[in-house]
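Undergrad: Structure below; questions to follow.
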Amino acid sequence: MLRFSLSKVIATMAVIVIGLLLAVPSTMTREQREAFQQSIPSWVPSWLVPSRAIVLGLDLQGGSHVLLEVDVQDLLRTQTTALRDDVRRILREQRVNLQGGIQITARGVQIRVPDAADRQKLLAPLRALAQPIGNAVIGTAGGSDLNVTESADGLMTLAYTEAGVNEKVRRAVDQAIEVLRRRVDALGTTEPNIQRQGADRILVQVPGLQDPQRLKQILGQTAKLEFRLLGQQGAADVDLLPSRDSGGQRVPVERRIIVEGGDLVDAQPAFDTRTNEPIVNFRFNIRGAQRFGQATTEAVGRPLAIVLDNEVISAPTIQTPITGGSGQISGRFTVQQANDLAVLLRAGALPAKLTIVEERTVGPGLGADSIEAGKNATYVAAIFVIIFMFATYGVFGFIANIALLVHVGLIFGLMSVLEATLTLPGIAGIVLTIGTAVDSNVLIYERIREEVKGGRSIISGIQAGFDRAFATIIDSNSTMGIAALILFFMGSGPVRGFAVVFLLGILTTVITAVTLTRMMIALWYQWARPKTLPF
């Protein structure tokens, strides 16, 4: 029936008022929002106070855009080096002698074992190094990532399969995304967009950050931290690494790693109390603390090399055993370098080197122009729609226009709750939903007109118009919703921003075009009691 009880009217208005209040923080600057929060009495529950706001995307507030690519060859070098160490361990455990050493190939390692019995003894533990490829859906149907073969002349080859390489790249990208997210979050920026693009690329967009050089340094540095001892020049078990203390000259560093950065649980920038120079204080987990304490106890008086990405950044002499599980890194840092190094160490090391494929910086001025252009487009679209609806449907058009304004306000309210990112395509989505929202009203009004012309009374025609147009509205919005969902799950960046706004617009269209419009027309009819339709 075309009747709304007082309880339904109150419930509908409450939902609308709450939705519009949720959009209020998005109309304020950050300073205004903070002042508003402080002005609320302490006895008011925090969940009653709207505080979340829409985040402007890169194209609206400016910022940095970087497209990174995983260096597959670097990843394979890391994986084959680890595989060589595993093979060396197995040879030692099985007490097997080789003819020659372990040779690293492009995708694995090779060893020559003349004795057939030794080869047979090695096959099982070597094949145990292979990992299954699969997921929760296909299980292990994808095979394994490593092939182990042997030839009659004693050559045994361990090589990663094509599927294995692809799986390692996929996992490396997933791990890199998490590491990058922790690094960017530590910079204090809001709502960075970090996502996969293709098989081996990662898109990083940081709205509001106008220093792309610093972003590139934070993102591109592998941050592989190692603690080793300085070795003797010419020894067989040392690497020659550049040293920051000696102006880039190479110094011998033992290959044995005492502790790795993975054992760090915290790293914070600080100042040396003696020299007042920026340093980084670090703290190990239990395992790292034990290994570090044992090594420094045995190596008192020897220089300890602190190696970051194959560069010796500092080599202090161990004066006393360090058994507390904490220490400091010094290396002639600036304040920003110490802070960035702490960020890198806390976030963890990247699984492979990342190369920059594309970089862009959007200035805040360009973003302001985009916002202004988007506002103008929205205003113009709304004005023309409002004029058309009022001129065509009179009072009913005026009611549709009120519902339209509420519709836009509810979109902003929902976006504020979700803290969604508004981009320029998102503004286009809002403009588009203005048209689709009015289209629902047009369907209802034209159906009402047909019912009244067919001989129904006004109240019966209005009731039938809403009832019969409802199925059509649901069908049309459902098909648009499916298209928006496809855009969201298969698109990226601005396309997903458009899809989010469009989905929210579809939801609020059903609420305003059907429920709110119907309620206002019912209240109008009860007040005016018209004899004919007003259009």
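The values are calculated or read from the model by the stated rules, or taken from the named source; none is laboratory data. Predicted, not measured: the structure shown is a model, and the values here were computed from it. Cβ: placed from backbone, ideal geometry, glycine included. Neighbour counts: every protein chain shown.
Undergrad: Being crowded, with 17+ Cβ neighbours inside 10 Å and touching a residue at least 24 places away in the same chain (Cβ under 8 Å) is the filter; apply it to the range 143-156 and report the residue that is nearest to residue 133 (Cα to Cα). Before you say what the answer is, go through the steps one by one.
TA: Restricting attention to the range 143-156, the residues satisfying the condition of being crowded, with 17+ Cβ neighbours inside 10 Å are 144-146, 148, 150, 156.
Add one more test, that the residue is touching a residue at least 24 places away in the same chain (Cβ under 8 Å), and what stays is 146, 148, 150, 156.
Details: 146: 10, 148: 16, 150: 23, 156: 23 Å.
Taking the candidates together, the pick is 146.
Undergrad: Please specify each residue of the range 270-301 satisfying the condition of being surrounded by 15 or more Cβ atoms within 10 Å (Cβ to Cβ) and either part of a helix (DSSP H, G or I) or touching a residue at least 60 places away in the same chain (Cβ under 8 Å) (or both).
TA: Scanning the range 270-301 gives 278, 280, 282, 288, 289, 290, 291, 292, 293, 295, 296, 299.
Undergrad: Among the residues of the range 486-493, is there at least one that is farther than 22 Å from residue 407 by Cβ, touching a residue at least 24 places away in the same chain (Cβ under 8 Å) and not hydroxyl-bearing (Ser, Thr, Tyr)? Please lay out each step first, then the result.
TA: From the range 486-493, those farther than 22 Å from residue 407 by Cβ are 486, 489-493; that's our starting set.
Next, only the ones that are touching a residue at least 24 places away in the same chain (Cβ under 8 Å) stay: 492-493.
The next check asks that each one be not hydroxyl-bearing (Ser, Thr, Tyr); those that pass are 493.
Yes - at least one qualifying residue is present in the range 486-493.
Undergrad: Please verify whether residue 443 is surrounded by 13 or more Cβ atoms within 10 Å (Cβ to Cβ) and under 38 Å from the mean Cα position of the chain (by Cα), treating the condition exactly as stated.
TA: On the way: surrounded by 13 or more Cβ atoms within 10 Å (Cβ to Cβ): yes; under 38 Å from the mean Cα position of the chain (by Cα): no.
Criteria not met by residue 443.
Undergrad: Within the range 20-36, count every residue that is assigned to a loop (DSSP other than H, G, I, E, B) and modelled with pLDDT of 80 or more. Outline the logic, then answer.
TA: Start the filter on the range 20-36 by keeping residues that are assigned to a loop (DSSP other than H, G, I, E, B), which leaves 23, 28-29.
Retained after the next criterion (residues that are modelled with pLDDT of 80 or more): 23, 28.
Residues in the range 20-36 being assigned to a loop (DSSP other than H, G, I, E, B) and modelled with pLDDT of 80 or more: 2 in total.
Undergrad: Going residue by residue through the range 36-52, is there one that turns out to be touching a Ser or Thr at 6+ places or on another chain (Cβ under 6 Å) and either basic (Lys, Arg) or surrounded by 14 or more Cβ atoms within 10 Å (Cβ to Cβ) (or both)?
TA: Yes - at least one qualifying residue is present in the range 36-52.
Undergrad: Identify all residues within the range 308-359 that are of a type in the set (D, E, K, R), out of contact with any strand residue (DSSP E or B) (no Cβ under 6 Å at 6 or more places or on another chain) and either assigned to a helix (DSSP H, G or I) or without any contact (Cβ under 8 Å) to a residue 24 or more places away in the chain (or both); write none if there are none. Don't jump to the end; show me each part of the working.
TA: At the first step, the residues of the range 308-359 found to be of a type in the set (D, E, K, R) are 309, 311, 332, 340, 346, 353, 358-359.
In the following step, the residues that additionally are out of contact with any strand residue (DSSP E or B) (no Cβ under 6 Å at 6 or more places or on another chain) were identified as 309, 332, 340, 353.
340, the sole residue that qualifies.
Undergrad: Please go through the range 76-114 and give me each residue that is in contact with a helix residue (DSSP H, G or I) (Cβ under 8 Å, 6 or more places away or on another chain), over 17 Å from residue 165 (Cβ atoms) and outside any helix (DSSP H, G or I), ordered by number. Break it down into steps so the answer makes sense when it comes.
TA: Filtering the range 76-114 for residues in contact with a helix residue (DSSP H, G or I) (Cβ under 8 Å, 6 or more places away or on another chain) gives 76, 79, 87, 90-91, 93-94, 96-98, 102, 104-109, 111, 113.
Next, from what is left, pick out any that are over 17 Å from residue 165 (Cβ atoms): 87, 90-91, 93-94, 96-98, 102, 111, 113.
Selection gives 96, 97, 98, 102, 111, 113.
Residues are listed down the side, and each one gets a yes or a no for (1) in contact (Cβ under 8 Å) with a residue 40 or more places away in the chain; (2) of a type in the set (Asp, Glu); (3) crowded, with 23+ Cβ neighbours inside 10 Å:
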| site | (1), (2), (3) |
| --- | --- |
| 383 | no, no, no |
| 400 | yes, no, yes |
| 403 | yes, no, yes |
| 406 | yes, no, no |
| 410 | yes, no, yes |
| 423 | yes, no, yes |
| 426 | yes, no, yes |
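Undergrad: Any residue in the range 503-510 that is assigned by TED's automatic domain parsing to the domain that holds residue 403, more than 26 Å from residue 14 (Cα to Cα) and either surrounded by fewer than 18 Cβ atoms within 10 Å (Cβ to Cβ) or in contact with a helix residue (DSSP H, G or I) (Cβ under 9 Å, 6 or more places away or on another chain) (or both)?
TA: Restricting attention to the range 503-510, the residues satisfying the condition of being assigned by TED's automatic domain parsing to the domain that holds residue 403 are 503-510.
If we keep only those that are more than 26 Å from residue 14 (Cα to Cα) as well, we get none.
No: zero hits.
Undergrad: Now a separate question. Determine, yes or no, whether residue 483 is assigned by TED's automatic domain parsing to the domain that holds residue 426 and either part of a loop (DSSP other than H, G, I, E, B) or in contact (Cβ under 8 Å) with a residue 24 or more places away in the chain (or both). Lay out the reasoning, then the answer.
TA: Working: assigned by TED's automatic domain parsing to the domain that holds residue 426: yes; either part of a loop (DSSP other than H, G, I, E, B) or in contact (Cβ under 8 Å) with a residue 24 or more places away in the chain (or both): no.
No.
Undergrad: Separate question: Tell me, please, whether a residue that is part of a loop (DSSP other than H, G, I, E, B) and either over 30 Å from residue 254 (Cβ atoms) or modelled with pLDDT of 85 or more (or both) can be found in the range 213-229.
TA: Taking the range 213-229 first, the residues part of a loop (DSSP other than H, G, I, E, B) are 221-224.
Within this subset, residues satisfying the condition of being either over 30 Å from residue 254 (Cβ atoms) or modelled with pLDDT of 85 or more (or both) are none.
No, the range 213-229 contains no residue that is part of a loop (DSSP other than H, G, I, E, B) and either over 30 Å from residue 254 (Cβ atoms) or modelled with pLDDT of 85 or more (or both).
Undergrad: Does residue 416 qualify as being in contact with a Ser or Thr (Cβ under 7 Å, 6 or more places away or on another chain), in a helix (DSSP H, G or I) and within 19 Å of residue 193 (Cβ to Cβ)? If you could, list the steps in order and put the result at the bottom.
TA: Details: in contact with a Ser or Thr (Cβ under 7 Å, 6 or more places away or on another chain): yes; in a helix (DSSP H, G or I): yes; within 19 Å of residue 193 (Cβ to Cβ): yes.
Judged against the criteria, residue 416 is a match.
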